[in-house]
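Asker: Sharing a structure here in structure tokens format.
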Amino acid sequence: MSTTPFPPHALHDYALLADGERGALIGPDGALNWLCAPTWHDDAVFASLIGGAGVYAVTPHGRWVPGGYYEEGTLIWRSRWITTDGVIECRDALAFPGDTHRLVLLRQVYAVEGTAHLRVVLDPRADYGRAPLASTHRDEQGVWHLSTGRHRLRWQGAPAATAGAEGLTADLVLRPGERRDLVLECSDAPLPATLPEAGRTWAATEEAWRTSVPELSDTIATPDARRSYAVLRGLTTRDGGMVAAATTSLPERAEAGRNYDYRYVWIRDQSYAGQAAAAAGTHDLLDAAVRFTGARLLADGPHLAPAYTVHGDPVAGQQELDLPGYPGGQSRIGNHVRKQFQLDCFGEALLLFAAAQRHDRLDADGWKAADIAVRAVADRWWEPDAGIWELDDRQWTQSRLACVAGLRALARAAPRHPLADTCTGLADTILAATAETSVHADGHWQRAPDDPAIDAALLLPAVRGALPADDPRTRATLAACREQLAQNHFIYRFRHDDRPLEDAEGVFLLCGFVMALAEHRQGNAVDAHRWFERNRGACGASGLYAEEFDVAQRQLRGNLPQAFVHALLLETAATLAEEPRTDGVHRRARS
């Protein structure tokens, strides 16, 4: 158990601040427990989330009840505390869009009702809390200058703070209606001579969010769809790479050893986000996904890795940190994904390129990348791979069907392109070979030729148009998932062993939204909405989703926020607003 005065909270209590280049988690006590800099996969400056040192807290004195909300269409978070003396708010944001090397963290405290009494602690510790606070001094203007590891920090707004063992601390007293701005900069390069002005930086951030997140009025659950879009945009760098999550080492199951670093760009997840943006009729996230994925294919060809850093570099190998970890977990950085082959990434990339082509946004480099992906599928579709769940190498059915879906989608999107006939013929070949080995005696697709079990991932290729909606195998797979993996409109990925499903892992929210899409494609509108609403409700207080949801304990599990869940929520919110199409391609009802 952590002895820090700001221990980690249950994941459903956290909100995300993000500027595209990095992200922070803020708890209900106003403590930032997690922030990596200068970018996502770099070392954490505030690491108390996983048992390290480092925190930045603005917390009321005395007793209080927490609350909070995002300002509509942004990642500007408002903490709200009801104290024994009144009401206090703290408005928090990373200045958006972010600079590559320097972050600006904005905090504005406001005494809404009554006098506000607050405690402020700024204790940055680089290298996941292992580096000391090397220097601390205040200049003549009352601005604090700090350094830790390679990080240089500058802090405005608390000239009366004192330096001590826990960093800088200050007690603030605000009269009713009074506001106080705190502005923190952190950089791995020399800081600019000019200080950021709080009012202008807030105004620029508000305007940037306003222009970055579309209205999405043609979706159901529009506020949730817009929040998911904002999350995806906040996780996407200016170079186009979108990290799978902002965190590392948050356990999928307590004490089970399933703790991973997701601060990297998974090609599959990025493709999901691009396809979701296309379904919603927006282009920024679509273009970013095409740009990043296309560049990786042009560079690595058939040896495309499943994941990269946001700079397009290989992911570092997994290593342990000497930290206690989040409760129930361990502390790890890096990921063994760099050693895997995941065939379905090529299929998802082709689905992404097809979506871009339907929106007339696939340029010459995009077509070159698509050609590389098609040839890679032709050369490698028969090879064993790690599959969507990154397990042992086998001939996973979902991987092959994802390639069928991608090939057919590209051929449909550009029927006169020279690649179209190649795509159609290759899709037919892969489908026929897969059908010979991987259709269960009950008529549904099975996980692999040597594994007769059902898997919720097998729903997605049919949703994407690998097979018609009325194909008996499509309907049988959906029925088997309902019968064997679903409980109360939640769904588990697959059965691990003879234990009850809920004892092995949490329900998988990505698959819950895929179930909604699958029911919609069958014309089952009521069931589709049931699935959507059930899984939509499995978020935290701020509306963020992790990978899994523990139904028994009502807790989020895994890294936070999980981009592919937000992507599928966005896509489902757009798709359920439309009439179903049996070819798996959904178009907006209104332009």
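Asker: Got a sec? Charge dipole of the chain, +1 on Cβ for Lys and Arg, -1 for Asp and Glu; which of TRP266, ALA126, ALA161 is way out at the positive end?
Answerer: ALA161
Asker: Quick one: ASP19, ASP371, ASP498, ASP363, fewest Cβ neighbours within 10 Å first, how do they rank? Mind dumping the intermediate values first?
Answerer: Values: ASP19 24, ASP371 17, ASP498 7, ASP363 13.
Ranked by crowding around the Cβ, least crowded first: ASP498, ASP363, ASP371, ASP19.
Asker: Report ³J(HN,Hα) in whole Hz for each residue of the stretch 313-330, in order, from the Karplus equation J = 6.51 cos²θ - 1.76 cosθ + 1.60 where θ = phi - 60°; Gly and Pro get x.
Answerer: Listing the rounded values in order: 8, x, 6, 5, x, 5, 9, 8, 9, 7, 10, x, x, 5, x, x, x, 10 Hz.
Asker: Can you work out the FRET efficiency for the pair ARG554 and ALA364, with r the C-beta to C-beta distance and R0 = 56 Å, to the nearest 0.05? Kindly include the intermediate steps, with their values, before the conclusion.
Answerer: On the way: r = 50 Å, r/R0 = 0.90.
Given R0 = 56 Å and the Cβ-Cβ separation, E is 0.65.
Asker: Starting with the fewest neighbours, write out CYS403, CYS423, CYS539 ranked by other beta-carbon atoms found within 10 Å of each beta-carbon.
Answerer: With the sparsest Cβ surroundings first, the list reads CYS539, CYS423, CYS403.
Asker: Calculate the spin-label point distance for ALA160 paired with ALA193, positioning each point 7 Å from the Cα along the beta-carbon direction, and give it in nanometres.
Answerer: 3.2 nm
Asker: Here's a follow-up. Considering the dipole of the chain built from charges on the beta carbon (Lys and Arg +1, Asp and Glu -1) around the Cα centre, which of PRO384, ALA280, THR201 is farthest to its positive end?
Answerer: Among PRO384, ALA280, THR201, the one farthest towards the positive end of the dipole of the chain is THR201.
Asker: If you don't mind, another one. Treating only the Cβ of Lys, Arg, Asp and Glu as charged (+1, +1, -1, -1), what charge dipole size does the stretch 213-575 show about its Cα centre? Round to the nearest 20 debye.
Answerer: Computed charge dipole of the stretch 213-575: roughly 660 debye.
Asker: I've got another one for you. What FRET efficiency comes out for the pair ALA433/HIS283, r = Cβ-Cβ distance, R0 = 45 Å, nearest 0.05?
Answerer: 0.80
Asker: So, one more: How far apart, in nanometres, would the label points at GLU533 and ARG394 be if each is projected 7 angstrom from Cα along the Cα-to-Cβ direction?
Answerer: 3.7 nm
Asker: In Å³ and rounded to a whole number, note down the convex hull volume per residue for the Cα atoms of the stretch 435-591.
Answerer: 115 Å³
Asker: In addition: Please work out the FRET efficiency for the pair ASN524 and ASP442, using the Cβ-Cβ distance as r and a Förster radius of 25 Å; give the result to the nearest 0.05.
Answerer: In this case the efficiency is close to 0.75.
Asker: When the chain is fully extended, how far beyond the present Cα-Cα distance does HIS303 get from ARG238, taking 0.36 nm per residue of separation?
Answerer: Numbers: separation 65, 0.36 × 65 = 23.40 nm, distance 2.49 nm.
My answer for the length gained is 20.9 nm.
Asker: Give me a comma-separated list of calculated 3J(HN,Hα) values for the stretch 488-494, in order, Karplus coefficients 6.51, -1.76, 1.60 applied at θ = phi - 60°, integers in Hz, x for any Gly or Pro.
Answerer: Working through the residues one at a time gives 6, 6, 10, 9, 9, 5, 6 Hz.
Asker: Now a separate question. Within the set of other residues whose C-beta is less than 14 Å from the C-beta of ALA203, count the net charge using Lys and Arg as +1 and Asp and Glu as -1.
Answerer: Residues close to ALA203 contribute a combined charge of -2.
Asker: Per 0.36 nm of contour for each residue apart, how much would the distance between HIS336 and THR211 grow if the chain were fully extended, relative to their Cα-Cα spacing?
Answerer: 41.3 nm
Asker: Starting from the 7 Å offset along Cα-to-Cβ, what nm value, one decimal, do you get for the label separation of ARG499 and ARG375?
Answerer: With each label placed 7 Å out from Cα toward Cβ, I get 4.6 nm.
Every number in this text was worked out from the coordinates using simple rules, so none of it is lab data. As the structure is a computational prediction, the values presented were derived from the model and not from experiment. When we count neighbours, we look across all protein chains shown, and the Cβ atoms used for this are built from the backbone with ideal geometry, even at glycine.
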